[in-house]
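In what follows, a structure is listed as C-alpha cells, so that the remarks can point back to it.
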Amino acid sequence: MRTPATPHRNTRVRPRTAALALAAGCLGAAVLAPGHASAVDPAATASAAPSSYYATNPDGQVGAATAITVDGDATEWTDDLIVAQGVANDDPRIFRGSHEGPVYDLYSLSAAWDEQNLYLMWQFTNVTDVSDPAQGYPTSDNGKPYNGDIPLSIALDVDPATGSDGIVEADAPEGVWGIRDSFDNAEVDHLAMFSSKPGVGQPALFSLNTDGAFDHEPANNLPFEEGGITYAYADGLVAPEVIGINDTGNAGYVPADLEDEDLYEDLLTEDHDPEQDTTYEIGIPLEALGITQDTLESQGLGVMLISTFGQSAIGSLPQDPAVLDNATDPYSADTSTSAEKEDYDVFTEPFARVGHAAG
C-alpha cells in the first residue's frame, strides 16, 4: 500500500462560466487505502437512472454521525456512508470528446455529520487510461479536476416547507452563477457554489430571498470563509472497485449502452491506475443551514451534487437523465466535444437523503 499523498486545501475560489484555466506542473498522487466492501450493489437502487449499478440511498443508507477531518484524505469514509452511487466512464466527454480534460466523472457521494457540521465526500474517477489509452492529455495533470476553474454545485433541500426551481434569470433560464440548470421538483433551498480549482474566487452558500427565489444579492449568499465552510481534495481512490463500461464514443459507445448491465466490469481489473482519480471533502456548518444535529437526524435533508463544464451540468449524483440527454450532440464552440457543456438542464431525479429518510 502506498502512503496517501499530502492533501491540498481549497479556500477561496470563483467560477468561470465560459472557459477553462488549466494549470501545469506535476502533483504527487497515491491510492487511498480502501478497507471497504464492494461499493456498488446492482440490487440496491431506487433511482430512475439507466442501470441498477446506479443507486440513491443504497440499502437505505443516509450517512451517519461520525468524526471527519476535511483534508481531502478520504480514508475515514466507509462504503456504508454512500448516499448516491454512480458508475465510471459515463460523463459526456467520453461519448464525443475523450481527448478533453479536465475529467469530471462523478462516481460516488457520501455523507456524515457531527454536532457542528454536515460533511460530504465525493469521488471523481478518470478511466481514460483504459477506455481510450491513446488520449494522453486527460491522463496527464490536465485531467485533474482541480486543474480547471470549473463550477461545482451542491443543491440542498434543508427545509421541507420551502423550495425553488433554482432559476435566477427566467428569460434564459439560468441559475446561480449563470449555470444553465433548474429543478423541476422545486425543492432546493440552499446552493453551495464553488470551483474545482484551488486558490481563486469567492465560493458561497446561496439561500432563498424573501420571494422564495435565489439571487446574487450579498444578503442572500454566505461566503465560505465567513460561514466557516471548508473543502479540500486529494489524489487517489477510496472505492474498492471502479465499475463502468470500458468503451469510448470513438468506437461507437453511446449513453443507451448504459442500460446494458452485461457491459459493466470492474475497470481496476483492466489495469486502471487509481492515481488518475481524485476525492473531495466539504464541511458545511449546520448553523449556516439553520439546523441542528437533532433536526438533521429527525427530519433529514436532501442533496444533489452537480458537476459542470462551465455553462451547463455534465454530471450529477444522484444521476439525472438531463446530464446525458445531449451527450452525443456537438458543442457549438468545438464540434469534437459534447453539447452537454452548453445545454439547458431540468433536473427531475429526487435528491439523496441525508440524516433521515423522507417522510
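The values are calculated or read from the model by the stated rules, or taken from the named source; none is laboratory data. Not measured: the values here are computed from a predicted model. Using ideal geometry, Cβ is built from the backbone for each residue, glycine included, and neighbour counts are taken over all protein chains shown. What goes into the accessible areas is simple: the full protein's heavy atoms, side chains included, and nothing from ligands, DNA or RNA. Shrake-Rupley method; radii C 1.70, N 1.55, O 1.52, S 1.80 Å.
In the set 207, 196, 182, which member is closer than 13 Å to residue 165 by Cβ and among the hydroxyl-bearing types (Ser, Thr, Tyr)? Let's see the steps before the verdict.
Values: 207 fails: closer than 13 Å to residue 165 by Cβ; 196 fails: closer than 13 Å to residue 165 by Cβ.
Result: 182 is the single residue among 207, 196, 182 that is closer than 13 Å to residue 165 by Cβ and among the hydroxyl-bearing types (Ser, Thr, Tyr).
Given (1) under 15 Å from the mean Cα position of the chain (by Cα); (2) under 29 Å from residue 246 (Cα atoms), where does residue 101 come up short, assuming only one miss?
The number of the failed condition is (1).
Which pairs turn up if I take residues in the range 154-165 that are polar (S, T, N, Q) and look for partners that are open to solvent by 20 Å² or more (accessible area, probe 1.4 Å) with beta carbon separation below 7 Å, at least 6 apart in sequence or on another chain?
162/208; 162/212; 164/186; 164/208; 164/212; 164/213
Yes or no: residue 127 aliphatic (A, V, I, L, M), more than 30 Å from residue 296 (Cβ to Cβ), crowded, with 24+ Cβ neighbours inside 10 Å and within 18 Å of the chain's Cα centre (by Cα)?
Numbers: aliphatic (A, V, I, L, M): yes; more than 30 Å from residue 296 (Cβ to Cβ): yes; crowded, with 24+ Cβ neighbours inside 10 Å: yes; within 18 Å of the chain's Cα centre (by Cα): yes.
Against the criterion (aliphatic (A, V, I, L, M), more than 30 Å from residue 296 (Cβ to Cβ), crowded, with 24+ Cβ neighbours inside 10 Å and within 18 Å of the chain's Cα centre (by Cα)), residue 127 qualifies.
Please enumerate the residues belonging to the range 339-359 that are surrounded by 24 or more Cβ atoms within 10 Å (Cβ to Cβ) and aliphatic (A, V, I, L, M).
352, 354
Among the residues of the range 88-112, write down those that are out of contact with any Asp or Glu (no Cβ under 8 Å at 6 or more places or on another chain), open to solvent by less than 10 Å² (accessible area, probe 1.4 Å) and assigned to a loop (DSSP other than H, G, I, E, B).
101, 102
Among (1) under 24 Å from residue 121 (Cα atoms); (2) surrounded by fewer than 22 Cβ atoms within 10 Å (Cβ to Cβ); (3) of a type outside the set (Phe, Trp, Tyr); (4) at pLDDT 95 or above, where does residue 209 come up short?
Going through the list (1) under 24 Å from residue 121 (Cα atoms); (2) surrounded by fewer than 22 Cβ atoms within 10 Å (Cβ to Cβ); (3) of a type outside the set (Phe, Trp, Tyr); (4) at pLDDT 95 or above, residue 209 breaks only (1).
So, of the residues in the range 340-359 that are within 19 Å of the chain's Cα centre (by Cα) and aliphatic (A, V, I, L, M), which turns out to be farthest from residue 80 (Cα to Cα)?
Within the range 340-359, the match that is farthest from residue 80 (Cα to Cα) is 346.
Take residue 70 and decide whether it is open to solvent by less than 10 Å² (accessible area, probe 1.4 Å) and closer than 21 Å to residue 306 by Cα.
Details: open to solvent by less than 10 Å² (accessible area, probe 1.4 Å): no; closer than 21 Å to residue 306 by Cα: yes.
No; evaluated as a whole, the condition is false for this residue.
Can you name every one of the strands (runs of 3 or more DSSP E) wholly within the range 230-331 that holds 2 or more residues which are open to solvent by less than 10 Å² (accessible area, probe 1.4 Å)?
Working: elements: 230-235, 243-245, 264-266, 278-285, 301-308, 313-317.
Answer list for the range 230-331: 230-235, 243-245, 278-285, 301-308, 313-317.
Out of the residues in the range 152-192 that are outside any loop (DSSP other than H, G, I, E, B), over 12 Å from residue 351 (Cβ atoms) and not small (Gly, Ala, Ser), which is most open to solvent (accessible area, probe 1.4 Å)? Let's see the steps before the verdict.
So in the range 152-192, the residues outside any loop (DSSP other than H, G, I, E, B) come out as 152-157, 164, 169, 174, 176-178, 181-183, 188, 190-192.
Pick out the ones that are also over 12 Å from residue 351 (Cβ atoms) and you get 152-153, 164, 169, 174, 176-178, 181-182, 191-192.
From the residues that got through so far, the ones that are not small (Gly, Ala, Ser) too are 152, 169, 174, 176-177, 181, 191.
Values: 152: 2, 169: 103, 174: 43, 176: 5, 177: 39, 181: 15, 191: 9 Å².
Among those that are outside any loop (DSSP other than H, G, I, E, B), over 12 Å from residue 351 (Cβ atoms) and not small (Gly, Ala, Ser), it is 169.
Quick one: is residue 336 assigned to a strand (DSSP E or B), open to solvent by 30 Å² or more (accessible area, probe 1.4 Å) and either of a type outside the set (A, V, I, L, M, F, W, C) or in contact (Cβ under 8 Å) with a residue 24 or more places away in the chain (or both)?
Values: assigned to a strand (DSSP E or B): yes; open to solvent by 30 Å² or more (accessible area, probe 1.4 Å): yes; either of a type outside the set (A, V, I, L, M, F, W, C) or in contact (Cβ under 8 Å) with a residue 24 or more places away in the chain (or both): yes.
Answer is yes for this residue.
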